[in-house]
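Asker: The structure that follows is given in the form of structure tokens.
Every read-out reported here was derived from the displayed coordinates using simple, explicitly stated rules and does not represent laboratory data. Here the structure is a predicted model, which means the values were calculated and not measured. Neighbour counts run over all protein chains shown; Cβ positions are idealised from the backbone, glycine included.
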Amino acid sequence: MLSKYIKYPLAKETINNEDINALIDWLKTSPRLTKGDLTLEFEKGWAEYIGTKYAVFCNSGSSANLLMAYAALQAGKLKNKKVAVPAVGWVTTIAPFMQFGFEPHMVDADPDTYGINLNHLEALCQKEDIGAVIFVQVLGVPHYKEALLDLQKKYGFYLFEDSCAALGAEYQDGTMVGKVGDAASFSFYFGHQLSTIEGGMVNTNDDDLYHMMMMARSHGWGKDLPKNKYDELMKEGGVDPFHQPFTFFIPGLNLRSTDLQAFLGVRQVKKASWAADRRHQNHLAYAKNLSGKFDFQKWGDHKPVSISFGCLARSAEHRRAIVETLVEAGVETRLFSAGNLGVHPFWVNEYGRFDGEVANEIHQRGFFLPNYPELTEEEINNICELVCSVEVVV
Ligand SMILES: Cc1ncc(COP(=O)(O)O)c(C=O)c1O
């Protein structure tokens, strides 16, 4: 949505002047720029923050989704290639499964969290032997953890968690979002809760998956593996050590990031809790202002940490009027994520249109309001006043 001027952007850069100055000083020392020790430091810090054994840094959230899907397949984690995918999320939540020849089944969104609808998911599991499920932690609102894990136990699928837009969100019991699935992805793209310019991470406690990701991320070679695992593979493969490190154990990819991004990432981890708290407070301020006037996600006693505050107008026409008013006033806005992925050409061309009831509502009525740590309650009140001033068109 283009505006004459922007008073309130949807997102602000989380890399500040201090980060840039520190980066410049570091660059002047002529450090190694490709993946190196800083990547390991960032991964260790992020794994600790989320509370998992491992974190694997890669070059985007989309690459993180690709990496975990491919590694799970290569590591023999999936009983078959039937995967349940959500209608509300991002194209690259689903794309890796299409690219690797899975059979995706789309599931509508939950009317409260907008995450994958668990009643519909269970109905699908009763009809099809589903080998994997990917669910999205939509816009930093934690999705039903216990119920999902119960379904996993009952139907034995591998669980992927796309937390790309939910960094720092937390369950009431203190579990961080990104610790629910067998593997979880994060994005560090501009505008997300934290940024390394571009960047992504996969968190997991699964040793086999981690080992496979170490190889899949870098061409399929073994040299990023822990030494004992590497030695084991070398022995198993009868590899002459003279050929090291250029022995390829699997047909790999190159999804690595660099130590330049990791330098920024190490600094971002240090402000992660502060950024999450500020975004959470802003989220609550929006909810207080808009409650009863607009539909938006529900989170119970959990801690939502949003990129933007997602909201549903009363009708498509009402949304159009709101967007026009916001743009005119210099408040940046956009439609709600991708709306219903099941009506986008990438999906329709392969499988036909998916008309999920809730996903369609989000598609037709959803819009975003700004959220970033520096936004004040007063500014949020002003934005909400503007939104509420738009006459309802049904
Ligand atoms: C739910 C979700 N998954 C994946 C991605 C992709 O992340 P990236 O832009 O880092 O590739 C996004 C991006 O916004 C997202 O919202």
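Asker: Mind sorting MET213, MET68, MET201, MET98 by how few other Cβ atoms lie within 10 Å of their own Cβ, fewest first? Walk me through the numbers on the way to the answer.
Answerer: Values: MET213 27, MET68 33, MET201 30, MET98 17.
Exposure proxy ranking, most exposed first: MET98, MET213, MET201, MET68.
Asker: Same structure, new question: Order by neighbour count: GLU170, GLU198, GLU128, fewest other Cβ atoms within 10 Å first, most last. Display every interim value, and only then the final one.
Answerer: Numbers: GLU170 20, GLU198 17, GLU128 14.
Ranked by crowding around the Cβ, least crowded first: GLU128, GLU198, GLU170.
Asker: For the chain, what relative contact order do you get, as a whole percent, if you take Cα pairs closer than 8 Å and at least 6 residues apart? Before the final figure, lay out the partial values.
Answerer: Values: 832 pairs, mean separation 92.9, N = 394.
Relative contact order, the chain: 24 percent.
Asker: Here's another thing I want to ask about it. Go through region 61-74 residue by residue and turn each phi into a ³J(HN,Hα) via Karplus (6.51, -1.76, 1.60, θ = phi - 60°); whole Hz please, and just put x for glycine and proline.
Answerer: Per residue, the Karplus-derived 3J(HN,Hα) values read x, 5, 5, 5, 5, 4, 5, 5, 5, 5, 5, 5, 5, 5 Hz.
Asker: Taking every DSSP beta bridge with both residues inside the chain, roughly what % is antiparallel (nearest 5)?
Answerer: Working: 22 of 38 bridges.
Approximately 60 percent, going by the DSSP bridge assignments.
Asker: What FRET efficiency do you get for GLU328 and LEU284 if R0 is 25 Å and r is their Cβ-Cβ distance, rounded to the nearest 0.05? Write out the running numbers ahead of the final one.
Answerer: Numbers: r = 27 Å, r/R0 = 1.09.
For GLU328 and LEU284, the calculated efficiency is 0.40.
Asker: With N denoting the number of residues in region 73-164, provide Rg(C-alpha) divided by 2.2 N^0.38 Å, to two decimal places.
Answerer: Working: Rg = 12.1 Å, N = 92, 2.2 N^0.38 = 12.3 Å.
Taking N as the residue count of region 73-164, the ratio is 0.98.
Asker: While we're on this one: Grab the other residues whose beta carbon is less than 10 angstrom from that of LEU375, score K and R as +1, D and E as -1, and report the net.
Answerer: Its environment carries a net charge of -1.
Asker: In addition: Nearest 500 deg cm²/dmol is fine: what mean residue ellipticity at 222 nm does the chain get from its DSSP H runs of n ≥ 4 alone, each adding -39,500 (n - 2.57), divided by its residue count? Each step should come with its number before you reach the end.
Answerer: On the way: 14 runs with 162 residues, N = 394.
Mean residue ellipticity, 222 nm, calculated: -12500 deg cm²/dmol.
Asker: Dipole magnitude of region 9-151 about its Cα centre, charges +1 at Lys/Arg Cβ and -1 at Asp/Glu Cβ only, in debye to the nearest 20?
Answerer: Numbers: 12 positive and 17 negative charges, 108 e Å.
Its charge dipole is roughly 520 debye.
Asker: What translational diffusion coefficient, in µm²/s and rounded to a whole number, does the Stokes-Einstein relation yield for the chain at 25 °C and a viscosity of 0.890 mPa s, taking the hydrodynamic radius as the Kirkwood radius over Cα pairs? Intermediate values should be presented prior to the final figure.
Answerer: Numbers: Rh = 21.8 Å.
Rounded to a whole number, D works out at 112 µm²/s.
Asker: What does the charge count around ALA147 come to, taking other residues whose C-beta lies under 13 Å from its C-beta (Lys +1, Arg +1, Asp -1, Glu -1)?
Answerer: -2
Asker: Can you list the residues, at least 5 places off or on another chain, whose amide H is less than 5 Å from the amide H of ILE197, using H built in the peptide plane?
Answerer: Placed amide hydrogens put PHE190 under 5 Å from ILE197.
Asker: Please compute the contact order of region 273-388 in relative form: average sequence separation of alpha-carbon pairs under 8 Å and at least six residues apart, divided by the residue count, as a percent.
Answerer: Worked out over region 273-388, it gives 39 percent.
Asker: Another one. Under 14 Å between alpha carbons, and skipping anything fewer than 8 positions from LYS153 in its own chain: which aspartates and glutamates qualify?
Answerer: Leaving aside aspartates and glutamates fewer than 8 places away in the same chain, those within reach of LYS153 are GLU122, ASP129, ASP182.
Asker: Run a plain Debye calculation on region 172-229 (Cα atoms as equal point scatterers, no solvent) and give log10 I(q)/I(0) at q = 0.28 Å⁻¹, rounded to two decimals, same order as the q list.
Answerer: -1.08
Asker: What is the set of long-range amide H partners of THR113 at a cut-off below 5 Å, with H atoms built 1.01 Å from backbone N?
Answerer: LYS298
Asker: May I ask for the equivalent-ellipsoid semi-axes of region 273-388, computed as the square root of five times each C-alpha gyration tensor eigenvalue and listed largest first in whole Å?
Answerer: Largest first, region 273-388 gives 26, 17, 13 Å.
Asker: Give the peptides 335-346, 305-316, 253-264 in descending order of average Cβ contacts within 10 Å, highest first.
Answerer: 305-316, 253-264, 335-346
Asker: Quick one: length gained pulling PHE248 to GLU357 fully straight, 0.36 nm per residue minus the C-alpha distance?
Answerer: Full extension of this stretch gives 34.6 nm more.
Asker: Angle check, please: helix 118-127 long axis (alpha carbons) against the longest principal axis of the chain (alpha carbons), in degrees 0 to 90, nearest 10.
Answerer: 50 degrees
Asker: Past 19 Å, Cα to Cα: identify those pairs from LYS53/LYS179; LYS12/LYS35; LYS81/LYS223, in the order given. The partial results should precede the final answer.
Answerer: Values: LYS53/LYS179 10 Å; LYS12/LYS35 27 Å; LYS81/LYS223 29 Å.
Listed pairs above 19 Å: LYS12/LYS35; LYS81/LYS223.
Asker: What residues have an amide H closer than 5 Å to that of PHE309, excluding those fewer than 5 places away on the same chain, when H is modeled at 1.01 Å from N in the peptide plane?
Answerer: Amide H to amide H, under 5 Å and 5 or more residues apart or across chains, PHE309 pairs with LEU369, ASN371.
Asker: Right, here's the next one. Neighbour counts of other C-beta atoms within 10 Å: give me ARG278, ARG365, ARG353, ARG334 arranged from fewest to most.
Answerer: Neighbour counts put them in this order, fewest first: ARG353, ARG334, ARG278, ARG365.
Asker: Another question, if that's okay. Can you give the charge dipole size of the chain about its Cα centre, rounded to the nearest 20 debye, using +1 on the beta carbon of Lys and Arg and -1 on the beta carbon of Asp and Glu?
Answerer: Computed about the Cα centre, the dipole is about 460 debye.
Asker: Relative contact order of region 31-104, please, whole-number percent, based on alpha carbon pairs below 8 angstrom and at least 6 residues apart.
Answerer: RCO, region 31-104: 23 percent.
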